[in-house]
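The values are calculated or read from the model by the stated rules, or taken from the named source; none is laboratory data. Quick caveat: nothing in here was measured; it's all calculated off a predicted structure. Positions of Cβ are generated from backbone atoms using ideal geometry, with glycine treated the same way; all protein chains shown enter the neighbour counts. The protein model used for the area step is the full one, side chains on, heavy atoms only, and it has no ligands, DNA or RNA in it. Shrake-Rupley method; radii C 1.70, N 1.55, O 1.52, S 1.80 Å.
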Amino acid sequence: MPVNRRFILRTGAATAATLALGCAHPPGIAATAPARGVDESAWRELLQALSPAARLSRPGAQDYQERAAADNQRYASVLPAAVLACASEPDVRAALRWCAKHAMPFAARSGGHNYAGHSTTTGLVISLRPMNRVLPHGHRLHLGGGATNSDVYAARDAGLYFPGGRCGGVGVAGLTLGGGLGFNDRKWGLTCDRLVETRVVLADGTLVRAADDENADLFWACRGGAGGNFGVNTAFVFDAVPVNSLRATVFSLSFGLGASLRVVDELQHVLDADHTHDFDVRIGFKHAGDGTTSLTLLGQRLGPEDALRRLFGPLLRLDPSTVFIEERGFWAAQDHLMDTPGPKTCYASKSLVPDQWLRPDTVAALAEWTRTWHPGPARATGYVTLFAMGGASAQPRPDETAYPHRSGRYVIDVGTHWAPGTPAEQVNALLAQIRAMHHTLRRHLVTDAAYVNFPDPDLDGWEHAYYGANHQRLTRVKRRYDPTGLFRYPQAIGKP
Ligand SMILES: Cc1cc2nc3c(=O)[nH]c(=O)nc-3n(C[C@H](O)[C@H](O)[C@H](O)COP(=O)(O)OP(=O)(O)OC[C@H]3O[C@@H](n4cnc5c(N)ncnc54)[C@H](O)[C@@H]3O)c2cc1C
């Protein structure tokens, strides 16, 4: 076998699939069956089809562990047979054709931040991370399929922005394909609402353009129909906003849980009065795992500090334990709002998208749940985050893009983070607590609508919860663009 720099192989070693056989597979992974092994000649065939800049890492390669690991350590035991870092569209096409020919399970990966392990597989991980360029053209930003939120911020010299998420490592691909919430969605829409064009490699290896004027049904599905369903998106074009002259006031206010009712009530007045949609906020109820609890308001208002301070008058009189309010240039404000990455953890979440404000008894239930969270010996965190919606994100009709929850007042994320290695019975106790809170909220808010970018492997009726009335049309798009169901995972569209 010729030595190839791209191909680092532990000769004679067990394949990752074999290693994975010894692990208890968590639910919700991209390929539930361990990958069938392929022989060495098949791997050589894949290498020959790739560009020189592509890199294939198999178990035993120095960089395998790092490349194999997705963000959520809950799925760390699911070991791919190989990770292919694609450098170009022809690499993606070659990979898909090869997977189809050899019946190799696969999962596309951009930022690797899927909650439910949907970009993890015992087969081939097709990583687009090296395809992460961000280039301005007029008022548009052209992105490679592997760009992350950080890559977009790094390209700020052009002064162009489209609404993105808070975590630098999250891939624009996953974010956009499932919707995309951020601190600017009330002003400029969801991430998917700014998408004007995308390029997709389909199951048969063909590359197509999807936009309003070409493959319009696929374009519709790529705005909320979730990643991993129709093809691999290799490029995106966004309608961006010039922001260099804008100022924003960022804020972070913390309160004791005892003030929850009054804080949420005042905040709803602020949101109701925000007719220009310059204001955006996340409300966080959190038990930090060490016994500390908090209610935090984090967000921004486009415009000067004194205007926000006037709006916040009643909130500031509620005696917050910490107050940070500061006017900055637009980019410095976004930097402040970015999440600081810590060590990788395991996590799980359940979501709801109610179209009504929180009732007082719902707020009381949230505070009580946070106060009585049992972190267990692992000192796991429990949280409920409410992302304020409305404004521009509510303007499209529910069937205008595949993202259906246009009348949602909040997207609610009920979740927990725990340390890798926490015993299963302790993890089950944490999951039972988030299930209980989700059940209570579902009853109070009379909805089962859920956000597909916070996927929940335990969710019954996910088709309706994620997609509402758009699910039927999504299955038709699936049949048209992926008639053999090559793209599959436990919650894939069109799953039999
Ligand atoms: C720490 C953290 C913070 C988050 N913050 C936010 C937030 O502020 N707002 C928000 O809306 N969401 C947020 N999310 C959720 C996030 O939007 C989703 O997890 C999203 O799917 C991640 O995209 P990714 O590319 O990183 O994920 P990946 O795990 O790479 O992919 C997600 C799914 O899309 C598929 N996929 C990946 N790349 C492609 C591609 N190029 N073409 C086709 N399919 C592809 C994968 O197979 C998988 O099914 C957050 C998640 C985490 C873990």
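Based on the mean of other Cβ atoms within 10 Å per residue, sort peptides 65-76, 388-399 so the most packed one is first.
My ranking of the peptides, most packed first, is 65-76, 388-399.
Quote the relative contact order of region 173-326 in percent (integer), defining contacts as alpha-carbon pairs under 8 Å separated by 6+ residues.
Value for region 173-326: 25 percent.
Out of all DSSP beta bridges in the chain, what portion is antiparallel? Express it as a percent rounded to 5.
Counting DSSP beta bridges with both partners in the chain, the antiparallel share is about 90 percent.
Between D319 and T475, what's the calculated FRET efficiency when r is the beta-carbon distance and R0 is 56 Å? Round to 0.05.
Using R0 = 56 Å, I get an efficiency of 0.60.
If we count every other residue with Cβ under 10 angstrom of R328's Cβ, Lys/Arg +1 and Asp/Glu -1, where does the sum land?
Numbers: positive: R247; negative: E305, E326, E327, D335.
Local charge sum for R328: -3.
Regarding region 247-464, what are the three Cα extents along the principal axes, ordered largest first, in Å?
Cα spread of region 247-464 along its principal axes, largest to smallest: 51, 42, 34 Å.
Work out, step by step, the length gained on full extension between R379 and E66: first 0.36 nm times the residue separation, then minus their alpha carbon distance; give nm to one decimal.
110.0 nm
What do you get for trypsin sites (Lys or Arg not before Pro) in region 248-318 restricted to DSSP loop and a cutoff of at most 14 other Cβ within 10 Å of the site's Cβ? Before the final figure, lay out each step's value.
Details: sites: R262, R282, K286, R301, R309, R310, R317; in loops: R317.
Answer in residue order: R317.
How big is the charge dipole of region 134-243 about its Cα centre, in debye rounded to the nearest 20, if each Lys and Arg gets +1 on its Cβ and each Asp and Glu gets -1 on its Cβ?
Working: 9 positive and 11 negative charges, 81 e Å.
It comes to approximately 400 debye.
With a 1.4 Å probe and all protein chains kept in place, how much accessible area does K495 have, in Å² rounded to the nearest 10?
So the heavy atoms of K495 present about 110 Å² to solvent.
Rounded to whole Hz and in sequence order, give me ³J(HN,Hα) for region 393-405 from the Karplus expression 6.51 cos²θ - 1.76 cosθ + 1.60, θ = phi - 60°, writing x for Gly and Pro.
6, 9, 6, x, 5, x, 9, 6, 10, 5, 6, x, 8
Longer than 29 Å from Cα to Cα, which of K101/K478; K101/K344; K101/K495 are they? Say none if no pair is.
K101/K344
Under a plain spin-label model, where a point goes 7 Å from the Cα along Cα-to-Cβ, how far apart in nm are S41 and H139?
5.8
Dipole magnitude of region 247-464 about its Cα centre, charges +1 at Lys/Arg Cβ and -1 at Asp/Glu Cβ only, in debye to the nearest 20?
On the way: 20 positive and 26 negative charges, 68 e Å.
For this selection, approximately 320 debye.
Provide the descending list of Cα extents for the chain along its principal axes, expressed in whole angstroms.
Principal extents (Cα only, largest first): 73, 54, 40 Å.
Place +1 on the Cβ of every Lys and Arg and -1 on the Cβ of every Asp and Glu in the chain, take the dipole about the Cα centre, and give the residue among L445, Y153, W43 whose Cα lies farthest towards its positive end.
W43
Which cross-chain or sequence-distant (5 or more) residues have an amide H under 5 Å from the amide H of R328, H modelled 1.01 Å from N in plane?
Amide H neighbours of R328, under 5 Å, 5+ apart: A248, T249, V250.
Sort all Cα-Cα distances of region 371-421 into consecutive 5 angstrom bins from zero, then give the percent of pairs in each bin up to the one containing the longest distance.
Per 5 Å bin, starting at zero, the Cα-Cα P(r) for region 371-421 comes out as 5, 17, 18, 13, 11, 9, 11, 10, 5, 0 percent.
So, with +1 on the Cβ of K and R and -1 on the Cβ of D and E, and no other charges, what is the size of the charge dipole of the chain about its Cα centre, to the nearest 20 debye? Kindly include the intermediate steps, with their values, before the conclusion.
On the way: 51 positive and 46 negative charges, 201 e Å.
Dipole size: approximately 960 debye.
Taking R0 as 56 Å, what FRET efficiency do you get between H464 and D306 from their Cβ-Cβ distance, rounded to the nearest 0.05?
E(calc), rounded to 0.05, equals 0.75.
Going 7 Å from the Cα of D272 in the Cα-to-Cβ direction, what parts of region 354-373 have a backbone nitrogen less than 19 Å from that spot?
354-364
With unit charges on the beta carbon (Lys/Arg positive, Asp/Glu negative), name the residue among I126, S245, A235 whose Cα is farthest towards the positive pole of the charge dipole of the chain.
I126
Which angle between 0 and 90 degrees, to the nearest 10, do you get for helix 260-273 versus the longest principal axis of the chain when only C-alpha atoms count?
In the chain, helix 260-273 runs at an angle near 80 degrees to the longest axis.
Mean residue ellipticity at 222 nm from the helices of the chain, using -39,500 (n - 2.57) per DSSP H segment of n ≥ 4 over the full residue count, to the nearest 500 deg cm²/dmol?
-8000 deg cm²/dmol
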